[in-house]
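Step one of this worksheet: look at the structure below.
Where a number appears in this text, it was derived from the coordinates with a stated rule and is not lab data. Small disclaimer: the values here were computed from a predicted structure and weren't measured. Reconstructed Cβ throughout: ideal geometry from the backbone, glycine too, with neighbour counts over all protein chains shown.
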Amino acid sequence: MEFKEVAKKRTSVRSFASIEIGKEELKEICRIGGLAPSVNNFQPWKFVALTNKQKMSDMARIIAEKIEALPEKNHEVGVQIKRQVEYFSTFFESAPAVIFVFVSEYESVLERGVGLSHEEINQMRSYPDMQSVGACVENMLLAAVDMGLGACWMSSPLIAKKEIASYLKVESEFELAAMLAVGHPSRDFAPKTKKEIDTIFEFVP
């Protein structure tokens, strides 16, 4: 598919057909993700792909329990919001596959020569490690579209990122940064309307 068409067609897909996704397809999506630019070519990512339905259900339950335990400002409103957030955090349970994107912590060379903490430098540079992850995930989303698949970039399940990492037995130096639900879309999903270029672009001569 031509690149511009891939970019235009990409949209968040949360409803999938009951068609299995093979290991090689998932591996290819991650390979394309790994081609993304990263700060100092650090390539901080580690990908874990999952198709096991029981394990998906286990993790969905872990996430739901974390959401339920959140304190509420107002019980009635809190319950309603929690249910909404729970859906958007656990719908991956019905997807054919889930890809977990883990990252290792990036150490800036500045940390060796200036009197600022890691967090201060990271904030000053607007979190280059997370910018790298964003580039990686976008590559993965576009790869999925090009392969005739649909995907959804998920961040809300990260409320249970430590528990998920423990469940998947991922090394402690890696932190869960994003999840992608992946599969064949259950139907054609029209991309959401985007802002017109003239409303978001400014040229400074």
**Item:** Lys/Arg +1, Asp/Glu -1 at C-beta; the chain dipole; positive extreme among ASN40, HIS184, SER132
**Value:** HIS184
**Asked** How large is the dipole of the range 57-205 about the Cα centre if only Lys and Arg carry +1 and Asp and Glu carry -1, each at its Cβ, rounded to the nearest 20 debye?
**Response** 400
**Prompt:** So, by mean Cβ neighbours within 10 angstrom, what's the order for 165-172, 104-111, 179-186, 67-74 with the highest one leading?
**Reply:** 179-186, 104-111, 165-172, 67-74
**Item:** Dipole magnitude of the range 49-104, debye to nearest 20 (Cβ charges: Lys/Arg +1, Asp/Glu -1, about Cα centre)
**Value:** 120
**Request:** Output the relative contact order of the chain, whole-number percent, from Cα pairs under 8 angstrom with separation of 6+ residues.
**Result:** 37
**Request:** Can you tell me what the convex hull of the Cα atoms of the chain projects to on average, as an area in nm²?
**Result:** 15.6
**Request:** Filter the DSSP H helices in the chain by two things, a Kyte-Doolittle mean of at least -0.5 and an axial alpha-carbon span of 18 angstrom or more, and list the hits by number.
**Result:** 128-146
**Request:** Counting helices only, and only those DSSP H runs with n ≥ 4, report the 222 nm mean residue ellipticity of the chain as the sum of -39,500 (n - 2.57) divided by its residues, in deg cm²/dmol to the nearest 500.
**Result:** -13000 deg cm²/dmol
**Request:** Report the net charge of residues surrounding GLY150, where surrounding means a beta-carbon distance below 13 angstrom and charges are Lys +1, Arg +1, Asp -1, Glu -1.
**Result:** +1
**Fill in**
P(r) of the range 27-117 over all Cα-Cα pairs, 10 Å bins starting at 0, rounded to whole percent, reads 13, 28, 25, 23, 10, 0
